[in-house]
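The values are calculated or read from the model by the stated rules, or taken from the named source; none is laboratory data. Model, not experiment: these values are computed from the prediction. As a convention, Cβ positions derive from the backbone with ideal geometry for all residues, glycine included, and neighbour counts pool all protein chains shown.
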Amino acid sequence: MNFNDYQQAANRTLYGSEQVLTNCALGLSSETGEVVDLVKQYTFQGKDLDRETLTKEMGDVLWYLSQVAEWANIPFDEVAKDNIQRLNERYPNGYQNQPES
């Protein structure tokens, strides 16, 4: 599935028409916190990394990101392509192969 197809499929489940951007931004923050909490539990509390829950929470983050882009009329493919282009410009040899400053 490409990002634009995902964005359209995800939009089918968007609820409400008022303050959609605020709702999505708050939801994004909340779901990101869920991801962070799983990593914190793994890193600092000695819990096993729950990959199934992590996958679900990352999917929720993806949903909210796609809907913020949808609200702003930005194709989700464009978000992904722009990010990779900026990373390639910033790290043309990959992150591990950066010259010492």
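Things to note:
- As a summary of the residue check, residue 95 satisfies the conditions (1) within 29 Å of residue 34 (Cα to Cα); (2) modelled with pLDDT of 95 or more except for the one numbered (2).
- Cβ-Cβ under 6 Å pairs, at least 6 apart or on other chains, the range 1-28 side under 19 Å from residue 57 (Cα atoms), far side assigned to a helix (DSSP H, G or I) and among the aliphatic types (A, V, I, L, M): 3/80; 24/68
- Residue in the range 20-32 that is hydrophobic (A, V, I, L, M, F, W, C), more than 24 Å from residue 51 (Cα to Cα) and more than 16 Å from the chain's Cα centre (by Cα) present: yes
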